1. Roughly how many debye, to the nearest 20, is the charge dipole of the stretch 135-255 about its Cα centre, given +1 on each Lys and Arg Cβ, -1 on each Asp and Glu Cβ, and no other charges?
2. So who's got an amide H within less than 5 Å of the one on Q51, skipping anything under 5 residues away but keeping other chains? H placed 1.01 Å off N, in plane.
3. Full extension from H243 to H216: what is 0.36 nm times the residue separation minus their Cα-Cα distance, to one decimal in nm?
4. Can you give the net charge of the other residues whose Cβ lies under 13 Å from the Cβ of K174, counting K and R as +1 and D and E as -1?
5. With unit charges on the beta carbons (Lys and Arg positive, Asp and Glu negative) and the dipole taken about the Cα centre of the stretch 152-223, which residue among V221, L157, H203 sits farthest to the positive side?
6. Please give me the summed charge of the neighbours of W71: other residues whose Cβ is under 13 Å from its Cβ, Lys and Arg +1, Asp and Glu -1.
7. Set the Förster radius R0 to 22 Å, insert the Cβ-Cβ distance between T137 and E181 as r into 1/(1 + (r/R0)^6), and round the FRET efficiency to 0.05.
8. Tell me, what is the FRET efficiency for S130 and V208 to the nearest 0.05, using R0 = 35 angstrom and their Cβ-Cβ distance as r?
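Every number here is computed from the coordinates shown, using simple stated rules; none is lab data. This is a predicted model, so every value here is computed, not measured. No Cβ is skipped: glycine too gets one built from the backbone with ideal geometry, and neighbour counts run over all protein chains shown.
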Amino acid sequence: MNGNSQSHSSDDQFFTHDRNQPVHYPVYPENDAKAEQGEFSKGSGTNHVWQAEVVLPEKHEPAYAYPVLIWLHGDGQNEADGIAAIHRASDQNMIGIALRGDTTVRGGYAWNADPMALASFMEALILSLSVQHRIHTDRIFIGGYESGANLALQLLLASPATYCGAAVLCPRMKSLSLPAEMTRLARGRKVLVASQLSGSPTHLIDLVEFDRQLEHLGLDVRSCYYQPTARKLTQRMLRDVDHWMISTLSSAVGV
């Protein structure tokens, strides 16, 4: 468990697009479902629609098999916030995918997705990305903020063969339902839980209990707690996502 108390001075500029971003572009998964104008609808008779943007490193090396971070934004945000989050985590170490929620809310979008339908979309998305770029398909991470963090964890548990880990930032613990047990494949998957402390003793107790529940399921959990700042999602928190990914990949190859 790591306790961090300071954030970078650049946090106040977060999400302001105050400097050049890596190249990003919409991606259209191709399978038996219809993909048109950047939108993907899984199955007939469903309102679940997602848009996704690929974020390339600033100095993209086509021959290098990059790890991938898929980002799910919080309520009231959109894929532009996901692009900024990926950029702040690292502008060089990964290829990112920023998704847009499927439900319109005040200020942006939210998630009303069937996790299984979204899991199928993700598989098609990763396959499409692997055709366009060299990626390491055993090094796919999924992460998110608040409601997006909840969904990221659900997707990891639903599709452990797809993801090697999930970065869960400021999760909404009270609205997250965890399974009683997991498949053998899901055991040992890496999870980063990062959250600011609210100042309430019960919040820290809730976070510790949440970590305990994840560990009880067999997940390999790392916790990072931060002192409150004006912004809940800070650059330091996102940099810790990058460091956690690097650590996860290094341990996987025995470095």
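1. My answer is approximately 180 debye.
2. Those lying under 5 Å, H to H, from Q51 are R100.
3. Working it through step by step, the gained length comes to 7.3 nm.
4. -2
5. Farthest along the dipole direction, towards plus: L157.
6. Combined, the nearby Lys, Arg, Asp and Glu give -3.
7. The value I calculate is 0.25.
8. Efficiency for this residue pair is about 0.35.
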